[in-house]
Amino acid sequence: MADNAPIGIFDSGIGGLTVVKEVRRLLPHEHIIYFGDTARTPYGSRSPVQIVEFMHQILSFFESQKVKMAIFACNTMTALGFEEARRRYPFLLTAMNTGVEQALKVSRNKQIGVIATQATIASGSHGKVIKDMRPDAAIYPQACPKLVPLIENEIIEGAKVDEAVLEYLEPMKSGHMDTLILGCTHYPFIDQAIRHVVGLEVQIVDPAQDTALTAYELLVRSGKLADAQQSGHVKLCFSAGVERAKRMASLVMDIANVEFEQVDLAVRC
Ligand code: DGL
């Protein structure tokens, strides 16, 4: 029997919309509720304790919305909280994919760069997965704290973005890195600036598609796919700046039939 309960997708801000886009493409019949914590973004420079606390607030909100699954569209919350969340909630959970498997597949020399938030890089999560899968691979991790605040403020091209991207990626280019993982869901918004700095030889891996695929497979395995006759409704909730979020959403998806809402977690949970 079909399960038409919504899927919750969440991030610290607008970054997770790059994952919503892929989930929509793969699962057009599913109802989606997105939550972006734009009032408290960025999470990446916060302490692990606070990041996990915020994650629980968001997952409690999804519990109140009776979701059948929550998808982490955030590498930072996945790295710090996924294992803990797994034991606590009465719905399915899908982690943000690390991109490591795809990176190892496309890389010729197994020299893998990872750009992400400070908290994700400090957790060492990508490095651990890479070493487990290919002990001989080399990893070049780089935290990029200036990027999320720029993107949240709709600055996705121009001198400020180019300067910040250059500052972080230029040192990585001096090694033999041939593949670069976008380890933060905000970064696909500035993929052109990133491509410009790394050049055409470096493979850029965006794990959003594989995250959507994992969610799809889990729904199939659990017998929880939505009715294939219906077209899924999308509601995008943000804790602040809904108009700004709307403009950013329109860059990655058709928002004609999308509902937007401001959600104050303190009130709703
Ligand atoms: N988009 C998030 C990620 O994938 C986090 C951004 C932030 O709030 O620092 O890690």
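What the table below lists for this structure:
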quantity: Exclusive hit being in contact with a helix residue (DSSP H, G or I) (Cβ under 7 Å, 6 or more places away or on another chain), part of a loop (DSSP other than H, G, I, E, B) and not β-branched (Val, Ile, Thr), set Tyr43, Tyr34; calculated: Tyr43
quantity: Residues being within 30 Å of Met1 (Cβ to Cβ) and of a type in the set (A, V, I, L, M) - total across region 41-76; calculated: 7
quantity: Unmet requirement for Gly124, which otherwise passes all of (1) buried (at least 16 other Cβ atoms within 10 Å of the Cβ); (2) over 20 Å from Glu170 (Cα atoms); (3) within 16 Å of the ligand (Cβ to nearest atom); calculated: (1)
quantity: Filter result (open to solvent by 80 Å² or more (accessible area, probe 1.4 Å) and part of a strand (DSSP E or B)) within region 235-269; calculated: Gln262
quantity: Test for Leu104: is it within 29 Å of Leu251 (Cα to Cα), of a type in the set (A, V, I, L, M, F, W, C) and surrounded by fewer than 22 Cβ atoms within 10 Å (Cβ to Cβ); calculated: no
quantity: Residues satisfying the stated conditions in region 160-180, i.e. open to solvent by 70 Å² or more (accessible area, probe 1.4 Å) and out of contact with any helix residue (DSSP H, G or I) (no Cβ under 8 Å at 6 or more places or on another chain); calculated: Glu163, Glu167, Pro171, Ser174, His176
quantity: Qualifying residue in region 92-100 (condition: in a helix (DSSP H, G or I), surrounded by 24 or more Cβ atoms within 10 Å (Cβ to Cβ) and within 16 Å of the ligand (Cβ to nearest atom)); calculated: yes
quantity: Verdict on Ser12 being within 10 Å of the ligand (Cβ to nearest atom), touching a Pro at 6+ places or on another chain (Cβ under 9 Å), on the phi < 0 side of the Ramachandran plot and open to solvent by 50 Å² or more (accessible area, probe 1.4 Å); calculated: no
quantity: Cβ-Cβ under 7 Å pairs, at least 6 apart or on other chains, region 235-258 side within 12 Å of Gly13 (Cβ to Cβ), far side in a strand (DSSP E or B) and among the small types (Gly, Ala, Ser); calculated: Phe238/Gly36; Ala245/Gly36
quantity: Meets criteria (farther than 19 Å from Val129 by Cβ, open to solvent by 30 Å² or more (accessible area, probe 1.4 Å) and either more than 12 Å from the ligand (Cβ to nearest atom) or of a type in the set (A, V, I, L, M) (or both)) for Ala39; calculated: yes
quantity: Every residue from region 42-82 that is free of Cβ contacts under 8 Å to residues at least 60 places away in the same chain, open to solvent by 60 Å² or more (accessible area, probe 1.4 Å) and away from the ligand (no atom under 16 Å from the Cβ); calculated: Glu63
quantity: Index of the failed condition, Thr211 passing every other in (1) among the polar types (S, T, N, Q); (2) open to solvent by 20 Å² or more (accessible area, probe 1.4 Å); (3) under 19 Å from the mean Cα position of the chain (by Cα); (4) over 22 Å from Asn109 (Cβ atoms); calculated: (2)
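The values are calculated or read from the model by the stated rules, or taken from the named source; none is laboratory data. All figures in this text were calculated on a predicted structure; none of them were measured in a lab. Virtual Cβ from ideal backbone geometry, glycine too; neighbours counted across all protein chains shown. These area figures cover heavy atoms from the full protein model, side chains too; ligands, DNA and RNA do not enter into them. Shrake-Rupley method; radii C 1.70, N 1.55, O 1.52, S 1.80 Å.
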